[in-house]
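Working notes, structure below.
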Amino acid sequence: MPAARSLSVMTVDDQFSMRSLIRNGLREIGFTDVRECANGEEALRQLITQPVHLVISDFNMPKLDGIGLLRSIRAYPPLKNTAFIMLTGSTDTEVVKRAMQYGVNNYIVKPFTVAALKGRIEAVVGKLN
Amino acid sequence: MATGFDYRPDPATGERRVHVVQGEYHVTDDPSIVLTTILGSCVAACMRDPVAGVGGMNHFLLPDGGTSSSGPEALRYGVHSMELLVNGLLKRGARRDRLETRLFGGARMVQGLTDIGEKNGSFAVEFLRREGLAYLGGSLGGTHGRRVQFWPVAGRMRQMMVGREEERIFEKERRSAVVPQAPQVATGELELF
């Protein structure tokens, strides 16, 4: 049973307000090491030098979208085992199918509650304490 | 997206009206479309890219104005609504740095209670500021409902204040409306876990 504070998380979303909501939710769950990026390209650059345990990424972003980020992570051996949760809109079924092809660990539909976020994370990393 | 799409053009003007109800949004690059809505304490953002010739409107209400019993989590409805509108515009060729927004609604419809309208309006203004999106004003606050019409391609807007009798009718409808619930589990046919 991992402690949330022992896990590092990166949230990737081009909207500051959404990153802020996720950051607050993660802190409420107990995460303390929370990093943020505004697009996939910036996230990938940071992950190469500073890997994290879990990436929570939006799909729809400029430069490198969520699928592109997921593919890059899975293709780069030092990062390929990073847990990855995709944020989607309710109509993005095709996006989720593509993400599954590229090895996404889970997904969550916006708008979501903190409880739902926690549930999705626990389904990937195990029950948190 | 939006409900209430009337495909029949107005015989006099050739315009087609799309009524945007609470919780919905609509984006278009069709110059014949007029987006309409009726607002009490809800807020509608009328957003457009004048260069790309595309625009849209959303219509949202934060449960309890994003405060008190619902907690800050209620903000997610507003953030999601604004995100859907922005992303809808970007998909139609708009550029974020060219987006212009006017905000309407946020009236105090019931005296003596928490000013939910003010909270909705403040949230929308703050959202635009945080996201670096241009805010060109509009009409927020007051104590009367509004009818808003928005020609998204031309950028024209019209606001009409609503009479007391009409206000009573749609406030009653608003109170009986179901507050949107976030899905607890994923919707659609895909289930990973």
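The values are calculated or read from the model by the stated rules, or taken from the named source; none is laboratory data. Please read all numbers here as calculations on a predicted model, not as lab measurements. FYI the Cβ positions are ideal-geometry reconstructions off the backbone, even for glycines, and counts take in every protein chain you see. Please note that ligands, DNA and RNA were not included when accessible areas were found on the heavy atoms of the full protein model with its side chains. Shrake-Rupley method; radii C 1.70, N 1.55, O 1.52, S 1.80 Å.
Need one number: buried accessible surface between chains A and B, 1.4 Å probe, both sides summed, DNA, RNA and ligands left out, in Å² to 100.
Accessible area lost upon association: around 2500 Å².
Bins of 10 Å, beginning at zero and ending with the bin holding the largest distance: percent of Cα pairs per bin for segment B:33-165, please.
13, 45, 32, 9, 1
Treating the Cα atoms of segment A:40-98 as identical point scatterers in vacuum, please give the log10 of the normalised Debye intensity I(q)/I(0) at q = 0.19 Å⁻¹, two decimals.
The Debye formula, applied to the Cα set alone, gives -0.64.
At R0 = 30 Å, how high is the FRET efficiency between residue A:3 and residue B:21 if r is their beta carbon distance? Nearest 0.05 is fine.
Efficiency computed from Cβ-Cβ geometry: 0.10.
For chain A, what Kirkwood radius comes out of the mean inverse Cα-Cα distance, in Å?
The answer is 14.3 Å.
Taking every DSSP beta bridge that has both residues in the protein assembly as shown, what percent is antiparallel when rounded to the nearest 5?
Approximately 50 percent, going by the DSSP bridge assignments.
What residues in segment A:10-25 lose 50 Å² or more of accessible surface when the other protein chains are added to their chain alone (1.4 Å probe)?
The answer is A:15, A:16, A:17, A:21 - residues whose exposure falls by at least 50 Å² when every protein chain is included.
Which whole-Hz ³J(HN,Hα) couplings does segment B:19-33 yield from phi under the Karplus relation 6.51 cos²θ - 1.76 cosθ + 1.60, θ = phi - 60°, glycine and proline marked x?
Rounded to whole hertz, the list is 8, 9, 8, 4, x, 10, 8, 8, 10, 8, 10, 8, x, 8, 8.
Rounding to the nearest 20 debye, state how big the charge dipole of segment B:99-169 is about its Cα centre with +1 on each Lys and Arg Cβ and -1 on each Asp and Glu Cβ.
Here the size comes out at about 140 debye.
For segment B:84-159, which trypsin sites (Lys or Arg not before Pro) are both in a DSSP coil and crowded by at most 14 other Cβ atoms within 10 Å?
Hits after loop and neighbour filter: B:95.
Each residue of segment B:88-93 in order: what ³J(HN,Hα) in whole Hz does its phi give by Karplus 6.51 cos²θ - 1.76 cosθ + 1.60, θ = phi - 60°, with x for Gly and Pro?
Taking θ as phi minus 60°, the curve returns x, 5, 4, 5, 8, x Hz for segment B:88-93.
Determine which lysines satisfy two conditions relative to residue B:119: a Cα distance under 22 Å, and not lying fewer than 8 residues away in the same chain.
Straight-distance partners of residue B:119: A:110, B:172.
Please identify every one of the trypsin sites (Lys or Arg not before Pro) in segment A:76-107 that sits in a loop by DSSP and has no more than 13 other beta carbons within 10 Å of its own beta carbon.
Of the trypsin sites (Lys or Arg not before Pro), the ones in loops of segment A:76-107 whose Cβ has at most 13 other Cβ atoms within 10 Å are A:80.
Would you please give the FRET efficiency between residue B:164 and residue A:23, computed as 1/(1 + (r/R0)^6) with r the Cβ-Cβ distance and R0 = 41 Å, to the nearest 0.05?
Calculated value: 0.40.
Using only the Cα atoms of the protein assembly as shown, what are the Rg and Dmax in Å?
Expressed in Å, the Cα Rg and Dmax of the protein assembly as shown come to 20.7, 68.
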